[in-house]
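A short write-up of the structure that comes next.
The values are calculated or read from the model by the stated rules, or taken from the named source; none is laboratory data. Predicted, not measured: the structure shown is a model, and the values here were computed from it. Please note: Cβ atoms are built from the backbone with ideal geometry, for glycine as well, and neighbour counts cover all protein chains shown. When the accessible area is computed, the model is the full protein with side chains, heavy atoms only, and any ligands, DNA or RNA have been set aside. Shrake-Rupley method; radii C 1.70, N 1.55, O 1.52, S 1.80 Å.
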Amino acid sequence: MNRILALAEKEFLQIRRDHVLPRLIVLLPTLMLLLFGYAINFTLSHIPLAVYDASQDRISQALLAELTKEDRFRLVHRAASPEAVVQAVDRGQARVGLVVPPGALEKVRRGESVSLEVYVDGSDPNFAFQAQAALRKAIQEVNARILVGRAMAGEAVLLPLNPNLHTLYNPENKTAWFMIPGIIGLVLTMFTVLLTALSIVREVESRMMESLLASPLRPHEMVLGKVLPYLFIAFGVALLVLGLGHFVFGVPVRGSLALLLLAIFLFVLGSLAAGVLISTLARTQVQAVFGTYAYAFPTIFLSGFVFPIDGMPRFFQLLSYLVPARYLIEVLRGVMLKGVGFAVLWPHLAALLLFSALVLFLASVRFQRQVVA
C-alpha cells in the first residue's frame with residue numbers, strides 16, 4: 001500500500017509541475033458549465049423578422065405589436081415588396097418573413113379572412129418549429145381579440161387572420177439536412193487541429209524536431225511540410241462527408257460547389273495553423289489533446305452546429321462571432337440548402353480569410369520563437 005501511495009504522490013507532483021495541464025483541467029469543466037448553463041437555450045427570443053405591410057392599418061399594426069411583444073420577434077427589415085421578404089430570409093438578414101396583403105381592415109369588417117403569407121427559415125427544423133409556434137400564438141391572440149367583439153355583436157365569421165406557412169430550404173424538416181453541414185465543420189475542426197498539433201508535439205518528444213532543425217529546412221518550410229498532407233486529407237474527409245450526405249441522406253447542394261470548396265479551404269488552412277499554434281504552447285501530446293478540446297468546445301456550442309444562436313444571451317451571441325466554424329457552417333448551409341451565392345456569403349468568406357491569415361501569422365511567429373529558443 002505504501003508503494004502505491006508513493007507512486008500516486010509522484011504522479012500528483014508531476015501533474016503539479018506541469019504548467020499547462022492543471023489549468024486545462026480547471027478550464028475545461030468551467031467552460032462546459034458556463035456554456036451549458038448560459039449559452040444552451042432552446043427557447044428562442046428576438047427572432048429576426050422581415051415584414052411587407054401592404055395594409056398599414058389597425059389590423060397589421062395590432063399584429064406587429066403582438067409579434068414583437070415579450071421580445072418574441074424583432075423587426076429588422078421593412079420590405080418594399082413580397083419578393084424582398086424572401087430575399088431578406090435568403091440573405092440571413094431575417095429568419096422569418098411576413099407579408100400582409102392590402103385592405104386587411106376592410107376584409108375583417110366584411111367578415112372575410114385575411115390570408116397572411118409567412119416564410120420561415122427551415123434550415124434548422126427546431127428553429128422552424130419554435131418560430132412557427134410563436135407566430136401562430138401571436139396570430140391566435142389577435143384573432144381572439146377581434147372575435148370577442150364579433151361574438152358580442154352576435155356575428156359568425158371566419159378566423160380574421162389565416163397564416164399560409166411556407167417552410168423554406170428544408171420543407172420536410174429533415175434533421176440530417178441541418179446536421180450534416182455542421183458535422184462537416186466539427187469534423188474538420190477536430191481533425192485538422194488535433195492531428196497537426198499531435199504531429200508536431202510528437203516530433204518534439206521523440207527528438208525528431210532537433211534533426212529537422214539541423215537540416216537546411218527553414219521554419220516556415222517545416223510548418224508547410226507538416227500541414228500540407230493534412231490539407232489534402234482534410235479535403236478528402238470533407239468531400240467524403242459531402243458525398244455521403246448527398247447520396248445517403250439526400251442533402252442537396254443547390255449553390256456553387258466551387259464556393260463551398262473555397263470556404264472549406266480557408267477554414268482548413270486556418271485550423272491547421274491553429275494546430276501549429278497549439279503545438280507551440282503544448283509540451284506533451286496530452287497537453288495537445290486537452291488544448292484541442294478547449295479549442296473545439298466553442299465550435300460545438302457557439303457555432304450554430306446544434307444549438308440555435310438566436311436563443312443565446314446577448315453576450316454569447318457576440319462571442320460566437322469569434323468562432324470560425326460559425327462562418328463555415330453559414331456558408332455550407334447557404335450553399336447546400338439555400339443555394340445563395342457570393343453576393344450573400346462574402347462577409348462569411350471574408351471572416352474565414354481573416355481568420356486564416358491571422359492564425360497563420362501567429363503560428364509562424366510562435367514557431368519561429370520556439371525554434372530560436
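Within segment 80-126, the set of residues being of a type in the set (Ser, Thr, Tyr) and either within 30 Å of residue 147 (Cβ to Cβ) or touching a His at 6+ places or on another chain (Cβ under 7 Å) (or both) comprises 113, 115, 119.
Residues checked against (1) at pLDDT 85 or above; (2) crowded, with 16+ Cβ neighbours inside 10 Å; (3) under 19 Å from residue 358 (Cβ atoms):
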site	(1), (2), (3)
211	no, no, no
215	no, no, no
220	no, no, yes
228	no, no, no
232	no, no, no
252	yes, no, no
258	yes, no, no
263	yes, yes, yes
284	no, no, no
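In segment 310-324, is there at least one residue being aliphatic (A, V, I, L, M), open to solvent by less than 10 Å² (accessible area, probe 1.4 Å), part of a helix (DSSP H, G or I) and in contact (Cβ under 8 Å) with a residue 24 or more places away in the chain? No, that holds for no residue. Within segment 324-335, does at least one residue satisfy the condition of being under 14 Å from the mean Cα position of the chain (by Cα), modelled with pLDDT of 90 or more and either hydroxyl-bearing (Ser, Thr, Tyr) or farther than 21 Å from residue 124 by Cα (or both)? Within segment 324-335 (the criterion being under 14 Å from the mean Cα position of the chain (by Cα), modelled with pLDDT of 90 or more and either hydroxyl-bearing (Ser, Thr, Tyr) or farther than 21 Å from residue 124 by Cα (or both)), the answer is yes, since at least one residue qualifies. Residues of segment 265-282 that are under 19 Å from the mean Cα position of the chain (by Cα) and surrounded by fewer than 16 Cβ atoms within 10 Å (Cβ to Cβ): none at all.
Among the residues of segment 333-346, those identified as surrounded by fewer than 18 Cβ atoms within 10 Å (Cβ to Cβ) and either in contact with a Phe, Trp or Tyr (Cβ under 8 Å, 6 or more places away or on another chain) or among the hydrophobic types (A, V, I, L, M, F, W, C) (or both) are 342, 343, 346. Residues in segment 101-134 that are among the basic types (Lys, Arg) and in contact with a strand residue (DSSP E or B) (Cβ under 7 Å, 6 or more places away or on another chain): 107 alone.
When the residues of segment 234-250 are filtered to those that are over 12 Å from residue 180 (Cα atoms) and touching a residue at least 40 places away in the same chain (Cβ under 8 Å), the one that is most open to solvent (accessible area, probe 1.4 Å) is 237. Within the bounds of segment 171-186, is there any residue that is under 20 Å from residue 74 (Cα atoms) and either at pLDDT 90 or above or open to solvent by 50 Å² or more (accessible area, probe 1.4 Å) (or both)? No, because not a single residue in segment 171-186 is under 20 Å from residue 74 (Cα atoms) and either at pLDDT 90 or above or open to solvent by 50 Å² or more (accessible area, probe 1.4 Å) (or both).
Note on segment 1-108: enclosed helices (runs of 4 or more DSSP H) holding 3 or more residues that are at pLDDT 65 or above and open to solvent by less than 90 Å² (accessible area, probe 1.4 Å) are 21-34, 58-67, 82-91.
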